[in-house]
Amino acid sequence: MTYSVIGVLSILIHIIVNFDIFRKNEGKQFTSLNTYRLFLICVIAYHLTDAFWGILYEYKLITLVYADTVLYFISMALSVFVFTVFVIQYLERKNTFRRIMLFFGVLFFASQIVALVINFFTPVMFFFDKDGEYIAGSLRYAAFGIQIFMFLLATAYTIIISVKSSGTVKRRHLTIGIFGLSMTLAISAQIFYPLLPLYSIGYMLGCCVLHTFVVQDEKEEYIQALNTSLTREAQQKKELEAAKRLVLRDALTGVKSKQAHVDVEELYDRRIEEKSVSHFALVVFDVNGLKSVNDTLGHEAGDEYIINSCRIICNVFKHSPVFRIGGDEFVAILEGKDYDERQSLLNYFNTTIDENLRAGKGTETVGFPVVSAGMSEFDKDNDKAYRKVFVRADEAMYERKHFLKKVKSNIN
């Protein structure tokens, strides 16, 4: 019964120690984590057959013991094969050692299956005598010999590499070296004491060592992946902000764009609905004679005419955001200081335009831009949307535009 207690204890220790490994199903941060999890499952299956073996053997249930022994050797072979695959992935080395480990892993698993099939007819792995005593066959020792060679090879190679390396490479190779050494000692002892669960003890100790380093590697790779993701996200955010600035900025004049005005209109609509804004004013501008400038002086001159017009707007309404919402249309939103001085600012702007019109002798010129402006104030009792204020300002702008055309006609 003591034999079975070791197996059960080993299963419990594996489940407790590796609970964090079993509950993670994705295994994406650490490439060999899935294989490591499969290896642990194979080891637990081995411990399970080992625990049952002790109970069944004590009660001399020979048929059941025989079947359990077959499962014992199959789970052992499978765990060794999966371990070789895990080592290859974990060490990330594509060299002769990798090929040798894979070769012996496949060879060991295949030879065990063949030997167990033969054992049904000729007891080459194990048998039970007439008294029900377990007798080990010659191929059982050969199987243990192959395992000792594999684990010794892994131990020697990884220890040598760990001495020459540092950091993660050193830690990973040293981990496999310690595991290989513990299994080599356990298997060697198992050969001489077949009725003691020494193989189970070797697995239990070796897997505890593996867990410490495998989890550490997973954490480091997760942190590295997280840092990479955060860096990528920060870069994407930076690029998005740069693209957004381009979209929200008029390329010709440098003031805010039509898209920016759309966003602001939505913002003001929400503020009006929430009753969080009590006053603001809009000034709508239209550049007079742009078509004439383009037709007579060319589009480059037309662009300069727009820029000069925008400069006058920004100089007068210097504390307010200015938007270019069309080829020759602008809007300024007045709050704060500019709102308080809105009428004097509009008067000053119109006076400047009147002077430009006279300086240009009634003709639109690049140096003396003529811009029509109309203003309207938000009425919190009646205006339910930003657009209402805009329409009134636009109507006032057209009234000013008609007035400037009359003045131009009188000058000419």
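All of the numbers you see were taken from the coordinates with simple rules; none came from a lab. Keep in mind that this is a model prediction, so the values were computed, not measured. Neighbour counts are summed over all protein chains in view; Cβ atoms, including those assigned to glycine, are modelled from backbone coordinates with ideal geometry.
A few comments on the model shown:
- Here the chain is treated with +1 on each Lys and Arg Cβ and -1 on each Asp and Glu Cβ, and its dipole about the Cα centre works out to around 900 debye.
- Degrees between helix 299-316 axis and first principal axis of the chain (Cα, 0 to 90, nearest 10): 90 degrees
- Helix-only [θ]222 nm of the chain, DSSP H runs n ≥ 4, -39500 (n - 2.57) each, per residue, nearest 500: -25000 deg cm²/dmol
- Distance histogram in 10 Å bins (all Cα pairs of segment 268-363, percent per bin): 14, 41, 29, 12, 4
- Mean Cα-pair separation over length for segment 258-411, i.e. relative contact order, pairs under 8 Å, 6 or more apart, %: 33 percent
- Phi angles across segment 365-380 convert, under the Karplus curve 6.51 cos²θ - 1.76 cosθ + 1.60 with θ = phi - 60°, into 3J(HN,Hα) values of 10, 4, x, 10, x, 10, 10, 8, 9, x, 10, 8, 9, 6, 10, 5 Hz, Gly and Pro given as x.
- Residue-by-residue Karplus 3J(HN,Hα) for segment 382-388, coefficients 6.51, -1.76, 1.60, Hz, glycine and proline x: 10, 7, 9, 7, 4, 4, 4
- Karplus-derived 3J(HN,Hα) values for segment 62-67, using 6.51 cos²θ - 1.76 cosθ + 1.60 with θ = phi - 60°, are 4, 4, 5, 4, 4, 4 Hz; glycine and proline are entered as x.
- Relative contact order [Cα under 8 Å, 6+ residues apart], segment 300-370, whole percent: 33 percent
- Length gained on full extension, Glu274 to Ser165: 32.7 nm, using 0.36 nm per residue less the C-alpha separation.
- For the listed residue pairs Lys318/Lys380; Lys256/Lys401; Lys291/Lys406; Lys291/Lys408; Lys291/Lys388, the alpha carbons are over 21 angstrom apart in Lys318/Lys380; Lys256/Lys401; Lys291/Lys388.
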